[in-house]
Structures are given as C-alpha cells and as structure tokens.
Amino acid sequence: MNTVSAFARREWGPLYVTLRGALVTKRWRAVPMTLGAVCLTAFFQLLQNQSWGHGFVRAIGFVKADDPLWLALLRTPLSLFVPALDLPVWGALVQVLLVFGIAEICLGAWRTLVIAYVSTLAGTTYARIGIALGPDGFFGLPASDAQVVDTGPSAAVVGLAVFVCRRYRSWFTATLVILAMIGEVLVKNNLAGKEHLAAIAAVLVVCALSSLRRRRRQRRRRVRRQGLAVGSRSGAPPIKS
C-alpha cells in the first residue's frame, strides 16, 4: 500500500496540488476559457442539428482533406469546437471540460489554446499526407477519407494530455495515453486514430523544442553567474551580457 501511495504522490502529486489550489481559491473562475469552450461546443452541436444552422456550421467549421488548404486552415480553429456528428456530444463536452480545464489551470489559457490548435492542425495536415501516401502503408489512408468531415476536440485533448503530463513529469500517465492511441489505431485503423498519433508527434516536437530552449536559458544564466563571480573576485567590473 505504501508503494502505491508513493507512486501516486510521485505521478500525480504536483498536478493535484496545482489543481486543488486553483479550484479551492478561484473555483469556476479558474477556468473561464474552458467554460467558454464548453458553451461554444454545445452551441455548435445545437446549431448543426438544425436545418437552418447546419449550413452555417459547415461553412465555418467543417474540415475535409479535399478542401483547399487555405480554406482548411481558416476553418481549423473552429473545427476544434464542432462535435463530430457520428459521436455523442456529451463525450466531446466532458473531454473539453476535464482536459481543457486541467490544461488551463496548469498552462494558462493562451498556452492551452496554442497546444490545442497545434494538435488539431497536426491531425488536419496528416490527413492530406496520409491520403497522398495511399492505403498500402501503415501511415497511409484510403482516398475515400478525403471526404470525411474532420471535426471535434479529440486530437486537441490527446495533445494537451501529453503536454500536461510532460510538464508535471507524469511519465507513466503520458505513456498510457500514447499506448492507448497506438492501440486505437491497431484495433480500428481509421483517420481519427491516426490523427491522434499525429497530434502526439506534434506535441512531442513542441516539448523537445521547449526543453532545448530552457536548457539554453539555463546555460546562459550559468555563464552570466560565473562571469559575475569572476568579476567580483578579481575586482574587475561585472561582465555584461
């Protein structure tokens, strides 16, 4: 039991402390962007199920691989909040509320939106590449997938989950998420599953670039401190960077 408790504290302790502190002090005010995203998702679901609103949602939020690239790029941000028509809307709402909420508390609203958009854009871009590769290879897709309406928050949710786990060093949870997405593709080899893998790949690249930038900043700080220390011992003026 002590081993399980130690593992839980190590894996989720820092994340729990961050979430609890924000929710206890601010409650719902800790996640205003998330609440807005949930409302927007529910609004689009209501709208696209009306005969008078479906065309409008399609025009601003439906993305397909055979769309012109410029049009797909314009629609991609809002497509994130348009629930997939073949899936229950409550799943999208729960995903947005939980994962976006956790990410907003841990990363901030703007960083959450950026990671969500990068993840969604990676999936949208992959769809075009996969169709160009054809159905024969593991990374390829059949030409019929060019007509699939590609909407919903799932790629963003997967990307945010991996990014938050990496930020809080929840390595076991991140590994579970990645393995689950690989298993999804092995069991059901479709566009959505492969887009999730593309989202994970894009977020891992972002994580690697972030780590590289942080190491460079730390190296510059060490050099600066060493220069100041040498200057103070020798009586010379401090070295200015």
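Overview of values
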item	result
Residue match in region 206-223 (condition: surrounded by 13 or more Cβ atoms within 10 Å (Cβ to Cβ), closer than 28 Å to residue 86 by Cβ and modelled with pLDDT of 90 or more)	no
Failed item in (1) closer than 26 Å to residue 162 by Cβ; (2) modelled with pLDDT under 90, with residue 51 passing the rest	(1)
Pick from region 42-84, criterion β-branched (Val, Ile, Thr) and touching a residue at least 40 places away in the same chain (Cβ under 8 Å), ranking: surrounded by the most Cβ atoms within 10 Å (Cβ to Cβ)	82
Residue among 37, 42, 22, 59 that is of a type in the set (A, V, I, L, M) and more than 26 Å from residue 101 (Cβ to Cβ)	59
Identity of the residue in region 113-131, touching a residue at least 60 places away in the same chain (Cβ under 8 Å) and hydroxyl-bearing (Ser, Thr, Tyr), that ends up farthest from residue 64 (Cα to Cα)	119
Members of region 1-19 that are among the polar types (S, T, N, Q) and within 17 Å of residue 103 (Cβ to Cβ)	18
Sole exception among (1) of a type in the set (A, V, I, L, M); (2) closer than 26 Å to residue 208 by Cβ; (3) over 13 Å from the mean Cα position of the chain (by Cα) for residue 162, by number	(3)
Pairs, first at positive phi in region 164-192, second surrounded by fewer than 17 Cβ atoms within 10 Å (Cβ to Cβ), C-beta under 8 Å, six or more apart	169/14
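Each row is one residue, and each column tells you yes or no for (1) among the acidic types (Asp, Glu); (2) touching a Phe, Trp or Tyr at 6+ places or on another chain (Cβ under 9 Å); (3) over 19 Å from residue 75 (Cα atoms).
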site	(1), (2), (3)
12	no, yes, yes
22	no, no, yes
36	no, no, no
41	no, yes, no
44	no, yes, no
47	no, yes, no
55	no, no, no
58	no, no, no
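The values are calculated or read from the model by the stated rules, or taken from the named source; none is laboratory data. These figures come from a predicted structure and were not determined experimentally. Neighbour counts run over all protein chains shown; Cβ positions are idealised from the backbone, glycine included.
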